[in-house]
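Student: The structure follows.
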Amino acid sequence: MNGETGTDGRVAVGGCRCGAVAVRASEDPTVVVYCHCQDCRKSSGAPVSLFVGYHTGQVEWLQGEPRVYESSPGVYRSFCGRCGAPVSFEDERLPGETYLPVGIFDDPETFEPEKHEWVSRRLRWFDVPDGLPRHEESSILR
């Protein structure tokens with residue numbers, strides 16, 4: 001990813017639109033997942049979001065400090081305070097996990113989606129006919 005590899009696996013780098021916030025994620029992600037929920041739609045402005053999950057210890061903020069807001073009880077979304085680009089998602093029900101929007105990475109092509117979450121909330125006119133597993137709600141939440 002972006003020409004970087006480490007002895008522990010892949011390294012992905014990226015950041016916000018204006019470059020004020022930069023991130024590096026090391027090793028392989030835990031999951032790459034589409035989310036069709038309304039909270040993700042409102043946070044991204046898109047009909048669906050695509051996130052790559054990492055153990056929080058695998059994520060390092062290289063530059064800038066993202067701003068954080070609680071979008072719903074126990075759900076924290078981070079964004080660049082300058083350009084407003086979303087840069088991460090954390091949920092208290094998923095301790096030790098950090099989700100990053102695939103689009104912030106310098107080489108997003110390397111992240112292959114694995115499944116769809118919250119398809120019960122999918123917009124009826126938007127579909128990704130990819131044959132991936134589809135979950136009416138979240139298969140990640142415990």
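What follows draws every value from the coordinates through simple rules; no lab data is involved. The model shown is predicted, which means the values in this text are computed figures rather than measured ones. Please note: Cβ atoms are built from the backbone with ideal geometry, for glycine as well, and neighbour counts cover all protein chains shown.
Student: Loop only by DSSP, 16 or fewer other Cβ within 10 Å of the Cβ. Give me the chymotrypsin sites (Phe, Trp or Tyr not before Pro) in segment 52-92 that pass, ordered by residue number. Could you put the intermediate results ahead of the total?
Tutor: On the way: sites: Tyr54, Trp61, Tyr69, Tyr76, Phe79, Phe89; in loops: none.
Taking segment 52-92 and a limit of 16 other Cβ atoms within 10 Å, no loop chymotrypsin sites (Phe, Trp or Tyr not before Pro) are found.
Student: Of the peptides 40-47, 116-123, how do they stack up when ordered by the mean number of other Cβ atoms within 10 Å, highest first? Write out the running numbers ahead of the final one.
Tutor: Details: 40-47: 16.4, 116-123: 18.4.
Going from most to least packed, we get 116-123, 40-47.
Student: Further question: Within 14 Å, Cβ to Cβ, of Arg122, how many net charges do the neighbouring residues add up to if Lys/Arg are +1 and Asp/Glu are -1?
Tutor: Values: positive: Arg41, Lys115, Arg121, Arg124, Arg134; negative: Asp39, Glu117, Asp127, Asp130, Glu136, Glu137.
Residues close to Arg122 contribute a combined charge of -1.
Student: Net charge within 14 Å of Val87 by Cβ-Cβ distance, Lys/Arg positive one each and Asp/Glu negative one each, not counting Val87 itself? Could you put the intermediate results ahead of the total?
Tutor: Working: positive: Arg17, Arg24, Arg67, Arg77, Arg82; negative: Glu60, Glu65, Glu90, Asp106.
My count for the surroundings of Val87 gives +1.
Student: Let me ask another. Counting alpha carbon pairs within less than 8 Å and at least 6 residues apart, what relative contact order, in whole percent, applies to the chain? Before the final figure, lay out each step's value.
Tutor: Working: 298 pairs, mean separation 35.9, N = 142.
Across the chain, relative contact order equals 25 percent.
Student: Further question: Work out Dmax and Rg for segment 1-106 from the C-alpha atoms and quote the Rg first, both in angstrom.
Tutor: 13.0, 39
Student: Just the C-alpha atoms of segment 85-137: what Rg/Rh do they give, with Rh taken as the Kirkwood radius? All intermediate terms of the calculation are to be shown ahead of the outcome.
Tutor: Values: Rg = 13.1 Å, Rh = 13.3 Å.
Over the Cα atoms of segment 85-137, Rg/Rh equals 0.99.
Student: Just from the alpha-carbon atoms, what are the Rg and Dmax of segment 7-61 in angstroms?
Tutor: Over segment 7-61's Cα set, Rg and Dmax evaluate to 12.8, 39 Å.
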